[in-house]
Amino acid sequence: MKGLYIVNPNSGMRILQVNAHTMARNMLRNGKLTECRFVYTQKGGDGFDAAAALKPGEYDFVLAAGGDGTVSEVVNGLMTSGCGIPLLILGAGTTNDFSTVLDLGTGPLALERLATDYYVREVDVGICNGRYFTNVTAGGMLTEIAHSTSPELKSVYGKMAYYAEGMRELGSFKLTSTRLRYISDKETIEEDTFLFAVANSTQSGGFSRIAPLAKLDDGKIDVCILKPFAPAEMIPLFNKIQTGMHPTDRNVKYFQTKKLRIELCNEEDSVAVDCDGENAGSMPLEISVAPEKLKLIVPRHSTKAKKLFTEWP
């Protein structure tokens, strides 16, 4: 096997990046890996450039070691190149939603086992205004928190940086919302929106079940809209989101679609939006499921990963 390792040396908990080196060294030593190449990103776009330059069959797998932003760059590069090389993810960032929901290990032995005992599954990839995403496009409160948390704080404290920033925001909590228009393949609705998540998998922003019906191979995106709610309803509602019981809550609008346009009802308003942890720009948003599939390495014996697919070998 030949592997390309694309590593962000400045993301999240750096010990996980060391694990990528240990994994490669062990696999070279025991003959499971015959060749490996490391590419270290220095600035935004480096991960994309490395993956976009790949040709079919050049490597047996590409490992992306970094946060959601690094993984997003590599995914966009792989989809752009059309090389069809399977992706292995080492979540080494702050939240690592996509790698967590797929039950991907982070230790060197777990990674080595995954790289030799796995399924290659073709998964859906979303497109938001021309940018590919594997996990989620989101806007509203959670996005504001992600954008306002400094990279230095995230690097040192990981998820706790988001929680600390979230508590700071909730300390001055105001039930502000923006009226948005959602145009799906079935209907057009307008909702006062506190936050929204257009998800490909079940987890986003640390909420493990924000899109409980999502599958990675169903050709659909799941849309979860939180309407304005009373402060007293916040904790019960968030508890429902954590357990996946919120789609029927009166403060939630939940549906599945193959394509979606999101518009501001009032052009003077603004909403912070990100796409797999990266700033997605401004409204309107044109979101759909890419016709091409991403080849993804997933653990063969994971019950957790199995639940994300409509079919399992």
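Any read-out appearing in this document is the output of simple, stated calculations on the displayed coordinates, not a laboratory observation. Predicted model only: the values in this text are computed from it and were never measured. Every residue, glycine among them, receives a Cβ derived from its backbone with ideal geometry; neighbour counts consider all protein chains shown.
Calculated [222 nm] ellipticity per residue, helices only, for the chain: -8500 deg cm²/dmol; basis is -39500 (n - 2.57) per DSSP H run with n ≥ 4, divided by all residues, nearest 500.
The ranking of Thr137, Thr257 by Cβ neighbour count inside 10 Å, starting from the fewest, reads Thr257, Thr137.
Taking every C-alpha pair closer than 8 Å and separated by at least 6 residues, the mean separation divided by the residue count of the chain gives a relative contact order of 21 percent.
Using the Karplus relation 6.51 cos²θ - 1.76 cosθ + 1.60 with θ = phi - 60°, the per-residue 3J(HN,Hα) values for segment 182-196 come to 10, 10, 9, 7, 10, 7, 10, 10, 10, 9, 5, 10, 7, 7, 9 Hz, with x marking Gly and Pro. Here the dipole of the chain is about 1000 debye; that uses its Cα centre as origin and unit charges on the Cβ of Lys and Arg (positive) and Asp and Glu (negative). Scaling the Cα radius of gyration of the chain by the globular reference 2.2 N^0.38 Å produces a ratio of 0.98. Our coupling estimate for segment 279-285, obtained by passing each phi through the Karplus curve with A = 6.51, B = -1.76, C = 1.60 and θ = phi - 60°, is 4, 9, x, 10, 5, x, 10 Hz, Gly and Pro reported as x.
Label-to-label distance for Lys227 and Thr243 is 2.3 nm, based on points extended 7 Å past Cα in the beta-carbon direction. Sites count as exposed loop sites when they are trypsin sites (Lys or Arg not before Pro), lie in a DSSP loop, and have at most 10 other Cβ atoms within 10 angstrom; the longest stretch of the chain without one is 44-173. Given their separation in residues at 0.36 nm each and the Cα-Cα distance between them, Thr34 and Arg261 gain 77.1 nm when the chain is fully extended. In loop segments of segment 237-290 as defined by DSSP, the GluC sites (Glu not before Pro) with at most 14 further C-beta atoms inside 10 Å of their C-beta are Glu267, Glu268.
Under 12 Å from a point 7 Å along the Cα-to-Cβ line of Thr22: which residues of segment 97-130 have their amide N that close? Of the residues in segment 97-130, 106-112 have backbone N under 12 Å from the label point off Thr22. The angle separating the long axis of helix 68-81 from the principal Cα axis of greatest extent in the chain is about 70 degrees. The angle separating the long axis of helix 234-243 from the principal Cα axis of greatest extent in the chain is about 40 degrees.
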